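Student: Below are the structure tokens for one structure; questions will follow.
The values are calculated or read from the model by the stated rules, or taken from the named source; none is laboratory data. This one's a predicted model, so the numbers in the text were calculated from it and none came from an experiment. Note that each Cβ is placed from the backbone with ideal geometry, even for glycine, and that neighbours are counted across all protein chains shown.
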Amino acid sequence: MNTTNTTNTNTTNTDTTSKGTNPRNWTLEVVPVPVADMDRAKEFYVGKAGFKLDLDDEVAPGMRIIQMTPPGSRCSIAMLHGMPAAPGAKTMAPGTLQGLQLCVTDIEAAREELVGRGVDVSPVRHVGATGWEEGKGGTWNSFMTFEDPDGNGWVVQEAPSELSER
């Protein structure tokens, strides 16, 4: 019998262990991004996309990790070289990560910044009555896209700055 409750939309889990911690408070911390050339990708993400370099280290002979964080984000991306996949995990080929989404409070300013840094960015688009249309839409309905040098695709969405609107 399946006892999974799919109707609960409460995102705050108050269950705790005897030590007062919540074992189900899962946070998204790092997303691996598959790339062919780590130095080229590092230059793109730090030099052009404006991510902060958190770590560039050879953690063991032949195993290198580069970790970067988008401005204002609590989640980082990581590029790995020479590191075996975790048991049960699959390895992605460079350029196969698609649709990873970032949110900004001013999509036009974000686009201008990326273009100024040399990133090839799509026009701002929104979903209209007939599908995708150019220009800004309403709240949560303005998007742009870009790719890294390997073809990994990113979506940027405008989100309200006020938490009450989220």
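Student: I'm checking my understanding of the structure. Among residues of the stretch 72-117 that are assigned to a helix (DSSP H, G or I) and within 17 Å of the chain's Cα centre (by Cα), which one is nearest to residue 136 (Cα to Cα)?
Tutor: 107
Student: Enumerate the pairs (first residue in the stretch 38-49 and at pLDDT below 95; second residue anywhere and aliphatic (A, V, I, L, M)) with beta-carbon separation below 8 Å, excluding pairs fewer than 6 apart on the same chain, so at least 6 apart or on different chains.
Tutor: none
Student: Only one of (1) under 19 Å from residue 121 (Cα atoms); (2) more than 16 Å from the chain's Cα centre (by Cα); (3) without any contact (Cβ under 8 Å) to a residue 60 or more places away in the chain fails for residue 62. Which number is that?
Tutor: So the condition that residue 62 fails would be (1).
Student: Does residue 70 count as over 20 Å from residue 160 (Cα atoms) and not hydrophobic (A, V, I, L, M, F, W, C)?
Tutor: Judged against the criteria, residue 70 is not a match.
Student: Test residue 67 against the criterion of being touching a Phe, Trp or Tyr at 6+ places or on another chain (Cβ under 9 Å), in a strand (DSSP E or B), modelled with pLDDT of 95 or more and not aliphatic (A, V, I, L, M), and give yes or no.
Tutor: no
Student: Select from the stretch 96-134 the residues that are without any contact (Cβ under 8 Å) to a residue 12 or more places away in the chain and not charged (D, E, K, R) and write down the one among them that is nearest to residue 75 (Cα to Cα).
Tutor: Only one residue tops the list, namely 109.
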